[in-house]
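Step one of this worksheet: look at the structure below.
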Amino acid sequence: MTHSITRTQFILLAAGGSAALLAGAYGFEYLGGMAPCQLCLWQRYPHMAAVVIGLLALILQGRTLPYLGALAALTTAGIALFHTGVERLWWEGLASCSAGSIAGISVEDLLNPAATVAAPVRCDAVAWELAGLSMASWNGIASLVLVGFWLMAAKRR
């Protein structure tokens with residue numbers, strides 16, 4: 001079955017998958033009101049890179065860009081695995097993430113009792129689950145599938 005799928009189609013699946021995961025993340029944030037933690041944000045950047053790489057790979061031939069796309073998806077999967085471990089308390093997260101952070105909040109707002117300051121979003125708390133897996137876990141699984149698509153694209157001419 002995979003022999004009938006072209007390089008372009010694999011690139012569209014891989015880059016489109018990253019775009020869909022980004023759309024989902026932004027949907028949860030802006031439509032669902034779920035603020036992302038620091039590790040959630042870090043998982044987005046390689047997906048953004050994969051989308052750009054995908055656009056370039058549609059224009060330029062060669063195997064380098066699909067391999068870079070695979071690396072971007074693998075990077076996201078690695079961050080997602082680390083995040084899953086932090087959520088499950090298998091290991092400690094970053095101090096600024098698991099302990100909460102007030103980065104980006106002005107001193108005036110911190111000292112003003114009338115100011116509304118949102119609580120920091122913790123990386124070690126699961127905000128949403130499906131079938132016992134967090135968003136980070138699902139992102140990791142999906143990103144590994146995308147790695148496969150990128151590698152298949154690299155094998156096609």
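Take the Cα of residue 34, step 7 Å along the line toward its Cβ, and report every residue of segment 61-82 whose backbone nitrogen sits under 18 Å from that point. Flagged as within label range: 77, 79-82. Full extension of the segment from residue 145 to residue 6, taken as 0.36 nm per residue of separation minus the current Cα-Cα distance, would add 48.4 nm.
No value in this document is a laboratory result; all are computed from the given coordinates. Computed from a predicted structure; not experimentally measured. For neighbour counting, all protein chains shown are included, and Cβ atoms are generated from backbone atoms with ideal geometry for every residue, glycine included.
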